């Protein structure tokens with residue numbers, strides 16, 4: 001079933017659907033506030049396979065459109081198709097949507113071209129990264145007269161970041177790592193929030209024990225904004241730098257949502273039966289290699305054995321510090337390595353030097 005959001009192209013969308021034998025379609029028109037609509041109305045998209053979002057004449061700011069699309073993509077297993085008649089390759093909003101993992105676009109300047117693009121978007125596989133790479137726009141590095149620049153703050157390289165964390169089994173520490181990660185980002189001046197995206201009652205129990213009430217879908221503890229499992233999209237309205245989704249146990253029902261995030265972390269254990277569950281995630285994730293593994297409670301003498309069994313994930317496997325309190329700063333070195341492309345290392349002696357148009361970072365010797 002198809003859900004379409006449009007203000008002026010309902011006729012075109014219905015014609016293209018009918019031409020391609022898609023009769024089950026629900027159309028929303030006259031949407032004046034896309035972000036509010038995404039938060040209030042799009043809580044459950046389980047009945048839909050495709051979402052056609054017509055941005056042709058949306059009055060929203062580009063920033064709001066991006067955030068709304070990211071929110072939907074992060075929390076729902078649905079293919080998002082962007083209809084943008086009148087837009088061209090190279091337009092900023094299309095390149096930004098591509099950067100957020102959106103690969104299905106309809107921008108044809110003729111009905112025939114639009115029909116061809118529509119048919120491809122609704123095919124079994126849809127468009128892949130390779131198909132949509134033409135929408136990528138390389139960012140130019142700002143030159144500063146080839147001078148050395150001392151960086152005393154953190155640099156956020158991406159407009160916003162979504163992180164998926166899931167465990168291989170119950171009580172393996174996924175929630176702990178998600179909360180520790182919030183502390184890591186907050187400590188670096190990037191505002192992060194924790195979003196419960198699973199069926200566990202752990203966060204509800206924490207809320208009850210603390211005597212906290214939800215305000216705008218969340219409560220705050222130890223400077224972390226914690227969103228209830230029923231408020232998964234609400235957080236997108238508040239402009240965080242990093243959204244950390246706790247998916248609980250990785251399984252077939254949340255696999256696609258897990259994959260759809262910018263960074264993916266699996267939390268596992270080192271006991272024989274726990275290692276077996278890690279191997280099962282290899283099967284679930286198939287050829288996906290951009291996944292990081294954090295191993296909880298591993299004795300020092302077992303680390304080499306565990307690492308050697310991680311195959312292609314050997315270099316992306318880390319061992320958690322002992323962290324009985326998830327609201328303390330722990331695993332900073334691990335998180336810094338995982339997110340080295342997103343945030344600079346916490347070091348006031350970090351400098352940036354220009355090298356053939358690319359900023360490279362080095363440590364200043366004391």
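The values are calculated or read from the model by the stated rules, or taken from the named source; none is laboratory data. Predicted model only: the values in this text are computed from it and were never measured. Methodologically, a virtual Cβ is constructed for each residue, glycine included, from the backbone with ideal geometry; neighbour enumeration extends over all protein chains shown.
Observations on the model:
- Considering the conditions (1) modelled with pLDDT of 85 or more; (2) touching a strand residue (DSSP E or B) at 6+ places or on another chain (Cβ under 8 Å); (3) part of a helix (DSSP H, G or I), residue 82 is excluded by exactly one of them, (3).
- Scanning the stretch 139-151 for residues that are closer than 18 Å to residue 74 by Cβ and at pLDDT below 90 turns up nothing.
- The listed residue being over 22 Å from residue 328 (Cβ atoms) and not in a helix (DSSP H, G or I), out of 251, 277: 251
- Residue match in the stretch 159-169 (condition: in a strand (DSSP E or B), at pLDDT 85 or above and more than 27 Å from residue 69 (Cβ to Cβ)): yes
- Members of the stretch 201-229 found to be touching a residue at least 60 places away in the same chain (Cβ under 8 Å) and within 19 Å of the chain's Cα centre (by Cα), listed by number: 224
- One residue stands out in the stretch 99-108 among those that are modelled with pLDDT of 90 or more and surrounded by fewer than 20 Cβ atoms within 10 Å (Cβ to Cβ): the one that is farthest from residue 254 (Cα to Cα), namely 108.
- Filter pass, residue 77 being closer than 18 Å to residue 195 by Cβ and surrounded by fewer than 20 Cβ atoms within 10 Å (Cβ to Cβ): yes
Yes/no per residue for (1) assigned by TED's automatic domain parsing to the domain that holds residue 243; (2) at pLDDT below 90; (3) within 28 Å of residue 74 (Cβ to Cβ); (4) touching a helix residue (DSSP H, G or I) at 6+ places or on another chain (Cβ under 6 Å):
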site: 279; (1), (2), (3), (4): yes, no, yes, no
site: 322; (1), (2), (3), (4): yes, no, no, no
site: 330; (1), (2), (3), (4): yes, no, yes, yes
site: 333; (1), (2), (3), (4): yes, no, yes, no
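- Listed by first and then second residue, the pairs linking a residue in the stretch 1-25 that is over 14 Å from residue 50 (Cα atoms) to a residue that is at pLDDT below 85, with Cβ atoms under 6 Å apart and 6 or more places separating them unless they lie on different chains, are 7/57; 8/57.
- Subset tally (residues that are on the phi > 0 side of the Ramachandran plot and part of a strand (DSSP E or B)) for the stretch 205-229: 0
- Pick from the stretch 286-321, criterion touching a strand residue (DSSP E or B) at 6+ places or on another chain (Cβ under 9 Å) and assigned to a loop (DSSP other than H, G, I, E, B), ranking: nearest to residue 180 (Cα to Cα): 320
- Only one entry of 186, 198 meets the criterion of being assigned to a loop (DSSP other than H, G, I, E, B), in contact with a strand residue (DSSP E or B) (Cβ under 7 Å, 6 or more places away or on another chain), within 26 Å of residue 297 (Cβ to Cβ) and free of Cβ contacts under 8 Å to residues at least 60 places away in the same chain, and that entry is 198.
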